[in-house]
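J.: Can you keep this structure in mind? I'll have questions shortly.
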Amino acid sequence: MKCLGFFLQRKVYIVTVFLLGIIQFLLISKFLRGTEVFRFQTQFQSSMILSAKFWPSMVAKNVQHDETSRNTTDASAPKLVVAKTIQSRATGEVSWSSIRNTNITMQEIRAKINRARNLSIQNTSACATVHLNTSQAWRSTTKVGFTNRTDFHRMSLASRCGALYYEEVTEPSPWPELSAWERDYLSTPLVESFDDIAWANTSEIELASLAGLNNSFTLGSEVKFTIFLYNGRKERRRLGGDQVNVWLVSDSPKASIAADVTDNKDGTYTAVSLLPWTGKVKVKAGIAHQREKFRMMFFIQRVYKTTFWHTGNFVSPKASEATPCSALPYLLGFRNNEFCNLTEINGFQWYCGKPVKTDVLNCSHFISVTRMDRDTIPPLTELEEWLLVTVRSLRPFFIANNISIDVVPVPSSNKTVLPLPELNCNKRKLSSTFEDTNTSGFFYKGDWRPLACQIPEVNTETVVTCLKDTQVILVGDSNSRRQYELLTSLAPCQDKIERTAKIWHAPLRCENETTNMSISYFPHSFPFLGSTGRSLNNTDLRAETRVLDSIPSHGKYIVHFHHFLHLVAYHLSYLEYRLGRLREAIERLLARNPHVFVLYQSAHSVYNRQSMNGVFFQQLQRRVLRGLGERVMFVYTWPMTMAADNDNVHPQIAPKFTTYYLGHICGRH
């Protein structure tokens, strides 16, 4: 039911929900039977509807779902949950499927919507008209003409006004089960006071290891710290879930290493690090993200489904139109029988609203996608909004401390740094890269030194030799494009598809006929953020699975993938679905071509809005792709970017990533 249902009397409402539930199920079945959306939801829909529709007072028991046990190779797409509103037996409160078994309440959602509506009208008078009929703001207002730019600007205004509360989007659950992460963060009630969250400037870190002679530690020993989090009232935090980062640095020599941090679930954290060089070592610690930010992000992804909104462009010789698009089958202003299912074109789930100009436009006229305003903020509390948009430099980040560690050589030795491992990285088992942790390497005098192996020399001469008779393919985002640029600078080649503009979200390719080598870059298929207001042609993007399936059974290939900032906006079930499909394609490729190496570059540590659930994202990447054998490498960039104190979506240390994976691949047979 729509928002009017919130104001009906309870008894009348229950009867109404019961009757409408039956009617709605019959209508949805009629409209959707035989369509792609209906096919992938039917399997579990009946049980959900019976429990939630016909017995609305029943509250399903919390699903005990082990995050590690989900079948990560299952390529089924996230399912569209048709089960509609339920009613709490305890409170009589009408609830949505998206928030069932969580501590999110309808009262919380309504309060956030009212706040967003009122603030938007105060700031932009045009928002008053938008909020009068939010669903119409997302649909073209004319049946004729070329209106795609007008449609885009109208929807951009609606997004800036926070008009994102369309029940066909907010009510369904993006995944029928709560992940372990969601069960944790969404089990606690909303926190609205700034004083109730953990603050770095009131928190503490102390040395937990006993120093040796002269209050020093020996080279290669381990050091432990305990972090105590306090809130704004200087009261001890009593639950976990905050992301605490700890790393060690030295000015002379220039060196750094990230620590492995364990959440003790009681407001304290234990950080452990190796001491791989001698000298004075300083400790850096910070609250990367508060628990309340993660609750907010999971709230957004369950209720609003994403933090970035796109429009699709439909163009024919007679008309044009723009409609909302999403990687999940929930669209603002459109019911699920009004979708264009563009999955076949995109290679992965992609949906846009059907054009209303049905006489001159249909789904086959889809040509491109345009991202709406990056600054769109869904309805949130004041605290949540601050957590979402405030950059690191404008908030307390560092936990102050005066800890200084004196690291000395091992007795009877004058070594000032741990010796390089005897094992060359091109002899290391690639499967072991999936087991790397934050302390798997360290920076020393500008170089990244893995603890498991020694990186061989990587320069133009070695790379040209390495890539002879090899086709290199990179699929991903702008960080993948950066790797393309770095590789082509190391292995000279002639541009066949050249970058001709600063903003470039299209393929690139260069070749060297003498060495029979090519390097190609493809942006991954939608969702791809692009640049605000600039259209991305669907023909310029490639589905990772199709790239892999196009590789023949002979010839040497190195394929590099990277997902992060373009997918992290969506519910994590979408990443799991996409990685599952990728895994299956990798298995097919490895089975037919024994001369292929696959490199998967992880998410990296960064602190701005775009990174959102990155800490969970990189865990899921590792979990889904582990166990593919000795020709698949996990390029774990998280510890490098933590040790470098990176706060850039495009890390300046990207050349170190290149050296790291080339050092593992070149010279390997």
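Where a number appears in this text, it was derived from the coordinates with a stated rule and is not lab data. Quantities reported herein were computed from a predicted structural model and do not represent experimental measurements. Because the Cβ atoms are built from the backbone with ideal geometry, glycine has one as well, and the counts that use them run over all protein chains shown.
J.: Angle, helix 10-32 long axis vs. longest principal axis of the chain, Cα atoms, 0 to 90°, nearest 10?
T.: Tilt relative to the chain: about 80 degrees.
J.: Okay, next question. Over 18 Å between Cα atoms, which of Lys318/Lys357; Lys234/Lys282; Lys224/Lys282; Lys318/Lys354; Lys280/Lys415 qualify? Present the calculation step by step, with values, prior to reporting the outcome.
T.: Working: Lys318/Lys357 10 Å; Lys234/Lys282 25 Å; Lys224/Lys282 13 Å; Lys318/Lys354 16 Å; Lys280/Lys415 15 Å.
Over 18 Å Cα-Cα: Lys234/Lys282.
J.: Ok, one more. Please arrange Ser187, Ser98 by how many other C-beta atoms lie within 10 Å of their C-beta, fewest to most. Spell out each step's value before the answer.
T.: Numbers: Ser187 15, Ser98 24.
Fewest to most other Cβ atoms nearby, the residues stand as Ser187, Ser98.
J.: Among the trypsin sites (Lys or Arg not before Pro) within the stretch 458-545, which fall in a DSSP loop and have no more than 12 other Cβ atoms within 10 Å of their own Cβ? Can you show the working numbers first?
T.: Working: sites: Lys468, Arg481, Arg482, Lys496, Arg499, Lys502, Arg509, Arg534, Arg542; in loops: Lys468, Arg499, Lys502, Arg534.
Sparse-neighbourhood loop trypsin sites (Lys or Arg not before Pro): Lys502, Arg534.
J.: A further question follows. Just need the relative contact order of the stretch 279-426 here, percent rounded to a whole number, with Cα pairs under 8 Å and 6+ apart.
T.: Relative contact order of the stretch 279-426: 31 percent.
J.: Taking only Cα atoms, what is the 0 to 90° angle, nearest 10, from helix 148-160's long axis to the longest principal axis of the chain?
T.: Between helix and principal axis, roughly 80 degrees.
J.: Exactly which GluC sites (Glu not before Pro) in the stretch 461-498 are in a DSSP loop and have at most 10 other Cβ atoms within 10 Å? Kindly include the intermediate steps, with their values, before the conclusion.
T.: Details: sites: Glu461, Glu485, Glu498; in loops: Glu498.
Those that pass, being in a loop and sparsely packed, are Glu498.
J.: Going by the alpha-carbon gyration tensor, a ≥ b ≥ c the square roots of its eigenvalues, is the chain rounded (a/c under 1.5) or, if a/c is not under 1.5, prolate (a/b greater than b/c) versus oblate?
T.: Working: a/c = 1.99, a/b = 1.32, b/c = 1.51.
Note, shape of the chain comes out oblate.
J.: For n ≥ 4 DSSP H runs only, could you compute -39500 (n - 2.57) per run for the chain, divide by its residues and tell me the 222 nm figure to the nearest 500? Spell out each step's value before the answer.
T.: Working: 18 runs with 190 residues, N = 669.
Using -39500 (n - 2.57) per qualifying helix, the result is -8500 deg cm²/dmol.
J.: Let me ask another. Report Rg/Rh for the stretch 492-552, rounded to two decimals, where Rg is the Cα radius of gyration and Rh the Kirkwood radius.
T.: 1.02
J.: What is the extension gain from Ser221 to Asn516, computed as 0.36 nm multiplied by their sequence separation minus the C-alpha to C-alpha distance, in nm to one decimal? Mind dumping the intermediate values first?
T.: Working: separation 295, 0.36 × 295 = 106.20 nm, distance 4.80 nm.
Full extension from Ser221 to Asn516 adds 101.4 nm.
J.: Let me ask another. In whole percent, what relative contact order does the chain give with Cα contacts below 8 Å and a gap of six or more residues?
T.: Worked out over the chain, it gives 14 percent.
J.: Quick one: angle between helix 654-665 and the longest Cα principal axis of the chain, in degrees between 0 and 90, rounded to 10, please.
T.: 70 degrees
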